[in-house]
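I have placed the structure first, in the form of structure tokens, so that the comments after it can refer back to it.
What follows draws every value from the coordinates through simple rules; no lab data is involved. Keep in mind that what you see is a predicted model, and the values were worked out from it rather than measured. Here the Cβ is made from the backbone with ideal geometry for all residues, glycine too, and neighbour counts use every protein chain on show.
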Amino acid sequence: AGAGQAAMYAGLQELGVANGEDLKETLTNCTEPLKAIEQFQTENGVLLPSLQSALPFLDLHGTPRLEFHQSVFDELREKLLERVSAIALEGKVEERYKKLEDLLEKSFSLVKMPSIQPVVMCVMKHLPKVPEKKLKLVMADKDLYKACAVEVKRQIWQDNQALFGDEVSPLLKQYILEKENILFSNDISVLHNFFSPSPKTRRQGEVVQKLTQMIGKNVKLYDMVLQFLRTLFLRTRNVHYCTLRAELLMSLHDLEISEICTVDPCHKFTWCLDACIREKFVDNKRARELQGFLDGVKKGQEQVLGDLSMILCDPFAINTLALSTIRHLQDLVGQDTLPRESPDLLLLLRMLSLGQGAWDMIDSQVFKEPKMEVELITKFLPMLMSFVVDDHTFNVDQKLPSEEKGPIPYPSTIPEAFTKFLQENRIACEIGLYYILHITKQRNKNAFLRLLPALVETFSDLAFSDIFLHLLTGNLTLLGDEFALEEFCTSLFDGFFLTACSRKENVHRHVLRLLLHLHHKVAPTKLESLQKALEPTKQSGEAVKELYNQLTEKLELRKPSPAEVTETPSMELPLPTVPTPASR
């Protein structure tokens with residue numbers, strides 16, 4: 001109790017104001033306690049002549065003096081808080097801050113007194129520069145640090161990177177976790193996937209909002225956060241840090257914080273790209289604008305390429321660029337134009353290449369645009385276009401009246417060069433994977449089965465990355481009916497997924513997600529062998545075990561009880577023929 005009392009009166013003595021300890025001392029050393037109390041009340045009460053006659057009136061009503069003083073105190077504190085906020089806005093800048101500094105000087109010794117603390121904190125909050133000594137005292141005391149406003153914390157953080165790092169770090173961990181939860185979500189849908197939320201919606205997320213609030217208009221803190229993001233991206237290669245880099249800048253842009261936006265050299269580029277991401281397409285006008293920014297990087301300022309590459313490495317940017325590339329290739333087929341003759345397509349490749357090269361650029365600190373491989377443009381893209389042509393030809397053939405020679409089969413082989421490109425060239429691999437997503441979304445089973453074998457070995461295992469598998473599983477729901485065919489399942493599971501399940505935990509998780517969603521469509525014999533093949537091992541993580549248990553439960557529920565097996569399920573009974581009105 002003694003400690004609590006001490007806190008209540010912390011700092012009063014330094015100001016020459018009597019506190020509980022003084023009263024105790026007075027009463028211990030006096031002969032007439034009642035007189036002493038009266039004197040103490042007179043000396044330390046509210047010094048208003050008119051009040052002296054009113055107080056006995058309150059006594060008659062049984063209102064304790066404490067209650068009266070407390071209500072006066074609360075009222076005065078509210079008035080003082082309002083006044084402080086008003087002073088912070090009135091008069092000349094130097095004068096108003098001088099007043100606040102004087103007030104802080106007088107009141108700071110009471111900062112630990114719970115009843116006065118809000119006033120001291122309010123004064124500090126309105127001071128753009130709290131004296132260094134006071135900041136150090138706040139920083140040294142956990143409770144004070146916790147209690148002070150973010151405006152004061154910013155002043156502490158900007159000179160204490162480690163402390164700021166401690167505050168930011170849990171938020172960054174939370175952000176990455178949220179992204180991974182979406183990628184591994186049990187809801188598989190082609191309509192709602194990782195890339196569905198608009199940029200504006202994503203920026204409303206808790207982490208982005210908290211970081212925006214912590215940074216305020218402070219360029220130094222903004223730079224620190226960017227430095228953390230760069231370092232973490234280098235350390236982990238996790239591309240979600242690139243998303244956060246762009247989201248943070250655009251969140252400050254939404255709030256029109258020009259103090260930061262005007263000094264970030266990526267601002268206008270990111271703003272333009274953000275509009276493309278919103279539309280999931282890079283139109284010609286914006287393509288010109290983006291090209292202008294890239295061409296405008298001056299000698300001596302190449303370092304900005306490191307930042308631009310990080311903005312382009314954001315999966316939402318890559319997704320937009322890749323979707324636009326596929327769309328361009330289809331248009332070129334219709335126009336009989338080669339990829340090398342399309343400046344828009346070349347720009348998309350240039351940006352994809354800059355984004356995919358982000359890690360290497362930041363790691364090596366060599367700031368120049370990656371060289372584009374000529375063969376990507378002269379060989380790989382025309383090859384993709386030939387696949388589009390194969391589909392057109394096949395579809396036309398199907399519609400022609402068949403001669404004696406019978407229907408023309410769908411081409412089943414893939415050029416060796418295609419597989420080689422997917423293994424050796426990062427950009428080719430990215431575009432190839434997006435082409436496969438595209439044909440799956442079109443429910444083009446033939447093209448899907450033809451190209452699937454090329455995915456077993458890809459550049460840096462991109463075909464087994466979470467983002468691709470998340471999108472692929474979503475698109476495969478459109479081919480749900482094909483899962484009843486043994487041949488389709490063998491190609492998809494044995495030929496692709498199971499080749500990596502044992503060495504890649506994430507693939508194991510994605511296959512289980514897919515089966516949880518589609519198990520009722522899979523051929524029963526196949527389902528049984530898959531259940532065996534996908535059984536978790538001792539090394540498997542919790543997530544895999546949990547998914548496997550969910551799947552097992554679902555399959556248990558589906559097994560018919562022995563009694564039911566003998567009867568014909570009612571669904572399969574022949575329907576009685578009902579004559580149509582016309583035939584009566």
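Annotations for the structure displayed:
- Annotation: amide H-H contacts under 5 Å for ASN238 (H modelled 1.01 Å from N, sequence separation of 5 or more, or interchain): none.
- The separation of the stretch 307-348 from the stretch 129-205, counted between C-alpha centres, amounts to 34 Å.
- Nearby lysines by direct alpha-carbon distance to LYS98 (threshold 18 angstrom, same-chain neighbours under 8 apart not counted): LYS106, LYS125, LYS129, LYS133, LYS134
- Stokes-Einstein D in µm²/s, Kirkwood radius over Cα pairs - the stretch 413-551 at 25 °C with 0.890 mPa s viscosity: 160
- Gyration tensor (Cα) of the stretch 389-474, equivalent ellipsoid semi-axes in angstrom: 29, 14, 9
- Distance from the alpha carbon centroid of the stretch 349-382 to that of the stretch 472-505 works out to 31 angstrom.
- Residues THR413 and LYS129, FRET efficiency given R0 of 41 Å [Cβ-Cβ distance, rounded to 0.05]: 0.05
- Residue list for the stretch 310-341, given a label point 7 angstrom along the Cα-to-Cβ vector of TRP271 and an amide N cut-off under 18 Å: 311-312
- Subtracting the Cα-Cα distance of ASP143 and LEU191 from 0.36 nm times their residue separation leaves 12.5 nm of extension gain.
- Excluding same-chain neighbours fewer than eight residues apart, the aspartates and glutamates reachable from LYS92 by a Cα-Cα span under 15 Å are GLU101.
- Whole-Hz couplings from phi, Karplus 6.51/-1.76/1.60, listed for the stretch 505-519; x for Gly and Pro: 4, 5, 5, 3, 5, 5, 5, 5, 4, 4, 5, 4, 7, 10, 3
- Karplus 3J(HN,Hα) series, Hz, for the stretch 371-381 with 6.51 cos²θ - 1.76 cosθ + 1.60 (x for Gly, Pro): 6, 8, 6, 4, 5, 4, 7, 8, 10, 5, 5
- All Cα pairs of the stretch 158-375, percent lying beyond 29 Å: 27
- Residue-wise HN-Hα coupling along the stretch 527-544, computed from phi with Karplus coefficients 6.51, -1.76, 1.60 (Hz; x: Gly, Pro): 4, 5, 5, 5, 4, 5, 5, 9, 4, x, 9, 4, 7, 4, x, 4, 4, 5
- Close lysine pairs were tallied over the stretch 413-551: pairs 8 or more places apart or on different chains with Cα atoms under 17 Å apart number 4.
- Listed by chain and number, the lysines placed with their C-alpha closer than 21 angstrom to that of LYS200 are LYS179, LYS210, LYS217, LYS268, LYS280; residues fewer than eight positions away on the same chain are left out.
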